[in-house]
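A.B. asks: Okay, handing you the structure first.
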Amino acid sequence: MLDGLGIARLLSELTPHLGRKIYRVEFADPRTFLVVHAGGSLVFFLDPQTPLFFAMAPEEELGKELLRRAQAVRKEIPQTSARLLPWRRALEGGILARAEQLARDRVFALGVEVRSQTGERQLLRLVAELVPRYANLLLVDAKGGILAVFRPVEAGMSRYRRLVPGGRYTPPPPLSLPDLLHLTPAELAARVRASRSAEDLRKVGAGIGRDTACALWSHLAAALRGPDVDEVVLGERAYRLLHDAVAGKTPAAFAAPEAGGRPYLSPLCPPSSEGPSFPPLPAEDENARGEKHPAEVEPLACLPPATSFGCAETPTMHEAVRRTFLYLQKSRSDERRARLLRRLEEREEFLALQRRELERAVREGEEAEHEREAGELLLAYAMHVPSGAASVLLPPPGESGEPREILLDPALDAAENAARYFARYRKKKNAARHAAQRIEEVRAEEEYLASLRFALLTGNGRDLDEVEEEMRAQGLLGRRASRPPGAEGTRQIAEGAAGRTQGTRPKTARKDGNRKPEPLPQPLRLRSSAGTEIWVGRNNAQNDALTFRLADRRDVWLHARGIPGAHVVVRSPNPDPATLEEAAMLAAYFSTGRDSGSVAVDVTDVRSVRKPRGARPGFVTYRNERTLHVTVDVERVWRLLEHAAGESALSRTPPGSEKDVPSREKSEG
C-alpha cells in the first residue's frame with residue numbers, strides 16, 4: 001500500500017494545488033476528510049487498514065460524489081456539523097502554502113496560511129499520519145498546539161503520546177532506518193546485496209513499503225542472478241529506479257486482484273504490466289556458503305502474481321491512489337451488499353418455514369371433513385353408542401359401505417363426543433381460512449424481498465444507500481419502523497402525484513422551520529437512439545419517486561410483466577417505435593427475466609398507474625396496458641448505458657482494475 005516513497009511522490013506532484021484558497025472542508029463519511037479549494041480537492045482517506053491521500057481536479061465526478069455524501073452525512077449524523085466546526089473555522093479561507101514529509105515516513109504536513117483575528121499571518125499545519133492502524137489527521141498551530149484532531153488519542157490509549165485538542169503535537173516515534181533517498185549507490189548496493197528476499201528490501205532504508213519492495217526486487221533480480229554480482233551496476237540501477245520513481249519520471253502502478261485481497265499500489269512499476277518474466281534458474285545454484293542465492297526467490301512472491309491481476313501503469317501517483325480508493329470503495333460496497341443479502345436470506349428462510357406450516361394447516365382444514373362426518377355419525381347413531389366405550393363402528397347413514405371406526409372419550413357420552421368432533425372441525429377450518437390468507441401475505445412479502453434482492457444485486461453506491469434505508473424502514477435490519485411498513489410514506493407519494501401534469505417535484509405541504517425537504521432518489525437517465533429521454537428506477541425508492549413524483553402523467557410507463565424489475569418511463573406521450581422498443585428492452589434488462597429469452601413488458605401511461613393504500617415500496621397496480629415481447633440485446637442496452645447521466649463515480653469499476661474490462665454485472669446500477 002502507500003509507503004514513504006509514495007508519499008514523497010504525491011507531495012512532489014502536489015505543486016498545482018499549492019497557492020490555492022480553501023473554501024470548504026467536509027467529512028464525506030466517517031473515514032474521509034475532504035478539502036476543497038479553487039483548483040480541485042484533496043482527499044484524506046483515514047481508514048485504519050489502508051489510509052490514503054490524493055488530489056483531484058475540480059471537474060472530476062468523484063469529487064462531486066464525495067460532496068453529495070458529505071451532505072448526507074450532515075443530515076444523518078447531527079453532531080457532524082459541531083465536529084467539523086473547528087476545522088472550518090481554521091482552514092476555510094486559508095491558502096495551501098507548502099507540503100513537507102517527515103523523515104521519509106508516512107507522515108506529512110500541508111502548510112496553510114491564514115489570518116488571525118488581528119489580521120496577522122499565521123501558518124497552520126494539516127498533519128496527516130497515514131500509518132495503518134493509527135491513521136490520523138491533525139490541525140496544528142505554529143507553536144505546536146493541537147486545534148483539531150480526527151481521532152483523539154487519550155493518555156490511556158498510547159504510552160508515547162496524547163493527541164487531543166488543546167494539547168501539544170508530538171510526532172510518531174522516529175524510524176530507525178536511514179532515509180532511502182539519502183543513501184549513495186554504493187550504500188544501496190551493499191544493503192540490497194545482503195537482502196535474501198523482497199521482504200528484506202524493506203529494511204534497506206526508510207520509505208520503502210511491501211509493494212515497492214516487491215517491484216524493486218523484481219527489477220533487480222536479473223542483476224542479482226549468479227554468484228558474481230557487479231555491485232556498481234546494482235547500486236546505480238537501484239538508485240536510479242528509486243529516484244526516478246519518486247521524481248515521477250516513471251509511471252506509478254495500481255492493480256486490483258480479481259478475487260479480492262489487497263490491491264497493489266506503488267510509485268514503482270514492476271518490469272512489465274504483464275508481470276516479471278525471467279529465464280528458469282539452474283536446479284542447483286548455491287553460493288559458497290551453501291545458501292540459496294536471493295535471485296532464486298520468486299521476484300513477486302510476496303504478492304499475487306502480477307499476471308493474475310494485470311498491473312496498470314498510471315502517469316501520476318495521485319491517479320494510482322485514486323484508483324486504489326475507488327477499488328476499496330467498491331470492495332466495501334460488495335461487502336455491504338453481501339451483508340444486506342444475508343439479512344434478506346434470513347427473512348426468506350423464515351418465510352419459507354412459515355409457509356410450510358401454513359400449507360400444513362390448509363391441508364388439515366381440507367381433511368377436517370372427517371371430523372364433521374364423525375360428529376354427525378355419533379349424533380345419528382347416539383342410541384347405538386355404548387357408554388364408556390373407547391371406540392365404536394358405525395355405518396355411513398343411508399349409504400352402503402364399510403362401517404367406520406370412530407375414536408371416543410370413554411368419560412363422555414355420544415353427544416359430548418360429537419361436540420368434541422365439531423369443535424375440532426371448526427378449529428381446523430378457521431385455522432385453514434386464516435392460513436390461506438396468511439399464505440397470500442407471505443407470497444406478497446416473498447415477491448417484495450425478491451425485488452430487494454434484485455436491487456441489491458444490480459445496485460452500487462447511492463443505490464445501495466437507498467435499498468439499505470428501505471430495508472431499515474421495513475424492519476429488516478433489526479429496527480422496525482414506527483408505523484406499519486409502507487403505510488404512510490408511499491401513500492403520501494401517491495397522493496402527492498395525483499392531479500399533477502408536470503414532471504416536477506411537488507411543493508412541500510408544510511414547512512418545518514427552515515428544514516429543507518429531503519432530496520428525491522434519482523433514477524438512471526438515458527437517451528434513446530432518437531434522442532428521447534428514458535428514465536429507469538433501479539430500486540423501490542427510485543421506482544416510487546420516478547412514477548409518482550418525477551414523471552409527467554402523460555409519459556409512457558413500462559414494467560416487465562409479473563416479475564421484479566425497474567419502472568421505466570419514456571419522457572414523451574408518443575415515442576417513436578425505436579424508442580419504445582429500447583425502453584421495453586431496458587425494462588426487460590433491469591428485471592429478473594433478463595436472461596430468460598423473450599420477456600413480456602407491459603406498456604401504459606403514467607396516469608394509469610396507482611399505488612394501493614398501505615402498499616410496500618415499489619408495488620403498484622395499473623390498467624389500460626398493452627404487452628410487448630422483447631429479447632434483450634445486451635450490446636444495444638450497453639450502448640444506451642454508456643452515456644447515462646447521474647452515474648456515481650464510486651459505482652464504476654476503476655480503470656486499470658480487472659484488466660480494464662468492465663464487468664457488466666457490476667455496472668448495472
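The values are calculated or read from the model by the stated rules, or taken from the named source; none is laboratory data. Being a predicted model, the structure only gives us computed values, none of them experimental. Virtual Cβ from ideal backbone geometry, glycine too; neighbours counted across all protein chains shown.
A.B. asks: Quick one: residue 133 ticks every box in (1) of a type in the set (Lys, Arg); (2) on the phi < 0 side of the Ramachandran plot; (3) loosely packed, with under 15 Cβ neighbours inside 10 Å bar one, so which box is it?
C.D. replies: Checking residue 133 against (1) of a type in the set (Lys, Arg); (2) on the phi < 0 side of the Ramachandran plot; (3) loosely packed, with under 15 Cβ neighbours inside 10 Å, the one that fails is (2).
A.B. asks: Also: Which number in (1) in contact with a helix residue (DSSP H, G or I) (Cβ under 8 Å, 6 or more places away or on another chain); (2) farther than 19 Å from residue 166 by Cα marks the one condition that residue 69 misses?
C.D. replies: All conditions are met except number (1).
A.B. asks: Considering (1) surrounded by fewer than 23 Cβ atoms within 10 Å (Cβ to Cβ); (2) part of a strand (DSSP E or B), say which one residue 19 fails and leave the rest.
C.D. replies: For residue 19, the exception is condition (2).
A.B. asks: Please find, within the range 114-128, the residue that is farthest from residue 52 (Cα to Cα) out of those that are at pLDDT below 95 and among the charged types (D, E, K, R).
C.D. replies: 120
A.B. asks: Looking only at the range 575-609, count how many residues are farther than 19 Å from residue 641 by Cβ and either part of a helix (DSSP H, G or I) or in contact (Cβ under 8 Å) with a residue 12 or more places away in the chain (or both).
C.D. replies: 13
A.B. asks: Follow-up. For the condition under 29 Å from residue 212 (Cβ atoms) and under 21 Å from the mean Cα position of the chain (by Cα), what is the one hit in 108, 27, 33?
C.D. replies: Of 108, 27, 33, the one residue that is under 29 Å from residue 212 (Cβ atoms) and under 21 Å from the mean Cα position of the chain (by Cα) is 33.
A.B. asks: Kindly indicate whether residue 618 is on the phi > 0 side of the Ramachandran plot and crowded, with 23+ Cβ neighbours inside 10 Å.
C.D. replies: Yes.
A.B. asks: In the range 535-567, what residues are over 15 Å from residue 588 (Cα atoms), outside any loop (DSSP other than H, G, I, E, B) and over 21 Å from the mean Cα position of the chain (by Cα)?
C.D. replies: Passing the criteria: 544, 545, 546, 547, 548, 549, 550, 556.
A.B. asks: Could you please find all residues in the range 311-332 being crowded, with 20+ Cβ neighbours inside 10 Å and among the small types (Gly, Ala, Ser)?
C.D. replies: Within the range 311-332, 312, 320 qualify.
A.B. asks: Test each condition in (1) in contact with a helix residue (DSSP H, G or I) (Cβ under 8 Å, 6 or more places away or on another chain); (2) of a type outside the set (Gly, Ala, Ser); (3) modelled with pLDDT of 90 or more for residue 330 and report the one that comes out false.
C.D. replies: (3)
A.B. asks: What residue, among those in the range 348-381 that are over 20 Å from residue 428 (Cα atoms) and modelled with pLDDT of 90 or more, is farthest from the chain's Cα centre (by Cα)?
C.D. replies: 379
A.B. asks: While we're looking at this one, here's another question. Pairs please, first residue from the range 82-109 and within 19 Å of residue 50 (Cα to Cα) and touching a residue at least 24 places away in the same chain (Cβ under 8 Å), second anywhere and of a type in the set (Val, Ile, Thr) and part of a loop (DSSP other than H, G, I, E, B), Cβ atoms under 7 Å, 6+ apart in sequence or on different chains.
C.D. replies: Qualifying pairs under 7 Å: 106/131.
A.B. asks: Right, something else. Looking at (1) crowded, with 19+ Cβ neighbours inside 10 Å; (2) more than 18 Å from the chain's Cα centre (by Cα), can you tell me which one residue 69 breaks?
C.D. replies: Exception for residue 69: condition (2).
A.B. asks: Would you mention how many residues in the range 570-585 are hydrophobic (A, V, I, L, M, F, W, C) and over 20 Å from residue 639 (Cβ atoms)?
C.D. replies: 0
A.B. asks: Also, quick follow-up: Just wondering, is there one or more residues in the range 391-414 that are surrounded by 17 or more Cβ atoms within 10 Å (Cβ to Cβ), in contact (Cβ under 8 Å) with a residue 60 or more places away in the chain and assigned to a helix (DSSP H, G or I)?
C.D. replies: No, the conditions are met nowhere in the range 391-414.
Residues are listed down the side, and each one gets a yes or a no for (1) among the acidic types (Asp, Glu); (2) crowded, with 19+ Cβ neighbours inside 10 Å; (3) modelled with pLDDT of 90 or more:
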site: 626; (1), (2), (3): no, no, yes
site: 640; (1), (2), (3): no, yes, no
site: 649; (1), (2), (3): no, no, no
site: 657; (1), (2), (3): no, yes, no
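A.B. asks: Still on this structure, please answer the following. Which one is modelled with the highest pLDDT among residues in the range 251-261 that are assigned to a loop (DSSP other than H, G, I, E, B) and surrounded by 15 or more Cβ atoms within 10 Å (Cβ to Cβ)?
C.D. replies: Top of the filtered list is 251.
A.B. asks: Working carefully through the options 600, 566, 587, find the one that is more than 20 Å from residue 542 (Cα to Cα), assigned by TED's automatic domain parsing to the domain that holds residue 551 and among the hydrophobic types (A, V, I, L, M, F, W, C).
C.D. replies: After applying the criteria, what remains is 600.
A.B. asks: Within the range 193-201, does at least one residue satisfy the condition of being touching a Gly at 6+ places or on another chain (Cβ under 8 Å) and crowded, with 16+ Cβ neighbours inside 10 Å?
C.D. replies: No, that holds for no residue.
A.B. asks: Being within 25 Å of the chain's Cα centre (by Cα), surrounded by 18 or more Cβ atoms within 10 Å (Cβ to Cβ) and farther than 24 Å from residue 472 by Cβ is the requirement here; does residue 528 meet it?
C.D. replies: no
Quick grid of which residues meet (1) assigned to a helix (DSSP H, G or I); (2) more than 19 Å from residue 138 (Cβ to Cβ); (3) aliphatic (A, V, I, L, M):
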{"position": "35", "(1), (2), (3)": "no, no, yes"}
{"position": "48", "(1), (2), (3)": "no, no, no"}
{"position": "65", "(1), (2), (3)": "yes, yes, no"}
{"position": "71", "(1), (2), (3)": "yes, yes, no"}
{"position": "74", "(1), (2), (3)": "yes, yes, no"}
{"position": "86", "(1), (2), (3)": "yes, no, no"}
{"position": "90", "(1), (2), (3)": "yes, no, yes"}
{"position": "96", "(1), (2), (3)": "no, no, yes"}
{"position": "99", "(1), (2), (3)": "no, no, yes"}
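A.B. asks: So which of 444, 418 is in a helix (DSSP H, G or I) and closer than 30 Å to residue 474 by Cα?
C.D. replies: Going through 444, 418 in turn, just one is in a helix (DSSP H, G or I) and closer than 30 Å to residue 474 by Cα: 444.
A.B. asks: Does residue 44 satisfy the condition of being at pLDDT 95 or above, in contact with a strand residue (DSSP E or B) (Cβ under 6 Å, 6 or more places away or on another chain) and under 16 Å from residue 323 (Cβ atoms)?
C.D. replies: Against the criterion (at pLDDT 95 or above, in contact with a strand residue (DSSP E or B) (Cβ under 6 Å, 6 or more places away or on another chain) and under 16 Å from residue 323 (Cβ atoms)), residue 44 does not qualify.
A.B. asks: A further question follows. Please count how many residues of the range 81-130 are crowded, with 17+ Cβ neighbours inside 10 Å and more than 27 Å from residue 8 (Cα to Cα).
C.D. replies: Within the range 81-130, residues that are crowded, with 17+ Cβ neighbours inside 10 Å and more than 27 Å from residue 8 (Cα to Cα) number 1.
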